[in-house]
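See below for the structure under consideration.
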Amino acid sequence: MMYLICTILLVLFCLLGAFDGLYFHLFKYKLHLHPSARKEHIIHTARAFVFVPMSLLLFVFNSEGIFLYAGIFLVLVDLGLELVDILEERKSRAPLGGISSEETAIHVFASSFKLAAITTLLLTKEAAAFTTMRAIETVPLPDYLRILGLLFAIGCLIGGIQSVMMMRELDKSGDAKKVVLRVFSNEPRSSPLGMASKS
């Protein structure tokens with residue numbers, strides 16, 4: 001029952017997080033196009049990469065011992081990044097009129113669902129899981145939770161790589177609109193000779 005509750009909470013977090021990232025960050029405010037929001041965009045990218053091993057250690061593998069503590073450590077790292085993000089948002093969103101109440105509500109609920117999912121999962125652990133020298137428990141997590149955790153990790157990895165690509169291309173070209181169109185389309189890149197590269 002606890003695993004099912006954990007899965008539901010994780011689904012809610014993923015849905016709200018995806019909506020926040022795609023709708024508010026990319027489409028409505030286009031944070032990646034605003035110099036004032038660059039630091040916030042970098043923080044979001046860092047959190048995406050932190051989510052990858054965190055999800056694998058907590059929601060894919062039934063970690064114990066050092067792996068379990070590594071997962072908890074990554075949770076603390078994410079909380080630190082989230083705190084920096086909250087403090088940074090006030091400055092980065094000032095040119096856009098500040099952060100909206102709708103997005104703030106999304107952030108509060110998403111963060112609550114994430115922490116609730118992690119807490120619920122940790123409550124399923126036996127006391128020995130925190131003291132053993134083993135890394136992975138012999139009994140695996142339910143398949144539905146493992147699949148969700150793996151999909152979450154893959155989605156965060158893809159999102160993080162996409163964000164890095166956008167920032168690197170923007171640094172090189174200085175033309176934000178062309179960068180966005182290039183990254184989200186199949187437009188071929190130009191070769192050093194000025195000819196479109198062929199696949």
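The values are calculated or read from the model by the stated rules, or taken from the named source; none is laboratory data. Here the structure is a predicted model, which means the values were calculated and not measured. Reconstructed Cβ throughout: ideal geometry from the backbone, glycine too, with neighbour counts over all protein chains shown.
Tell me the residue from G149, G160 that is part of a helix (DSSP H, G or I) and at pLDDT below 95, please.
Sole residue among the options that is part of a helix (DSSP H, G or I) and at pLDDT below 95: G160.
Has region 123-134 got any residue that is more than 18 Å from I43 (Cα to Cα), part of a loop (DSSP other than H, G, I, E, B) and modelled with pLDDT of 90 or more?
Yes, because at least one residue in region 123-134 is more than 18 Å from I43 (Cα to Cα), part of a loop (DSSP other than H, G, I, E, B) and modelled with pLDDT of 90 or more.
Just to be sure, is H34 farther than 22 Å from D143 by Cα and either without any contact (Cβ under 8 Å) to a residue 12 or more places away in the chain or more than 13 Å from the chain's Cα centre (by Cα) (or both)?
Yes; evaluated as a whole, the condition is true for this residue.
Working carefully through the options V84, V75, V108, find the one that is under 17 Å from L12 (Cβ atoms) and of a type outside the set (G, A, S).
One residue alone meets the criteria, V108.
Can we say Y29 is of a type outside the set (A, V, I, L, M), closer than 22 Å to A135 by Cα and either crowded, with 18+ Cβ neighbours inside 10 Å or more than 16 Å from the chain's Cα centre (by Cα) (or both)?
It is false that Y29 is of a type outside the set (A, V, I, L, M), closer than 22 Å to A135 by Cα and either crowded, with 18+ Cβ neighbours inside 10 Å or more than 16 Å from the chain's Cα centre (by Cα) (or both).
Surrounded by fewer than 18 Cβ atoms within 10 Å (Cβ to Cβ), without any contact (Cβ under 8 Å) to a residue 12 or more places away in the chain and either in contact with a strand residue (DSSP E or B) (Cβ under 6 Å, 6 or more places away or on another chain) or not in a helix (DSSP H, G or I) (or both), is that true of G80?
No: the conditions fail for G80.
Quick one: in region 84-114, which of the residues that are at pLDDT below 80 and outside any helix (DSSP H, G or I) is farthest from the chain's Cα centre (by Cα)?
G97
Can you name the residue in region 61-71 that is over 16 Å from the mean Cα position of the chain (by Cα) and assigned to a helix (DSSP H, G or I) and, of all such residues, is farthest from T120 (Cα to Cα)?
In this case the residue turns out to be I66.
Within the bounds of region 24-32, is there any residue that is assigned to a loop (DSSP other than H, G, I, E, B) and over 12 Å from S163 (Cβ atoms)?
Yes; the residues of region 24-32 include at least one that is assigned to a loop (DSSP other than H, G, I, E, B) and over 12 Å from S163 (Cβ atoms).
Does region 93-100 include one or more residues that are of a type in the set (A, V, I, L, M, F, W, C) and in contact (Cβ under 8 Å) with a residue 24 or more places away in the chain?
Yes, region 93-100 has at least one match.
Output yes when any residue across region 60-67 is without any contact (Cβ under 8 Å) to a residue 24 or more places away in the chain, farther than 15 Å from V164 by Cβ and not hydroxyl-bearing (S, T, Y), and no when none is.
No, the conditions are met nowhere in region 60-67.
Does A117 satisfy the criteria of being within 24 Å of L15 (Cβ to Cβ) and either touching a Ser or Thr at 6+ places or on another chain (Cβ under 7 Å) or surrounded by fewer than 17 Cβ atoms within 10 Å (Cβ to Cβ) (or both)?
Criteria not met by A117.
Within region 52-74, work out how many residues are out of contact with any helix residue (DSSP H, G or I) (no Cβ under 6 Å at 6 or more places or on another chain) and among the β-branched types (V, I, T).
Residues in region 52-74 being out of contact with any helix residue (DSSP H, G or I) (no Cβ under 6 Å at 6 or more places or on another chain) and among the β-branched types (V, I, T): 2 in total.
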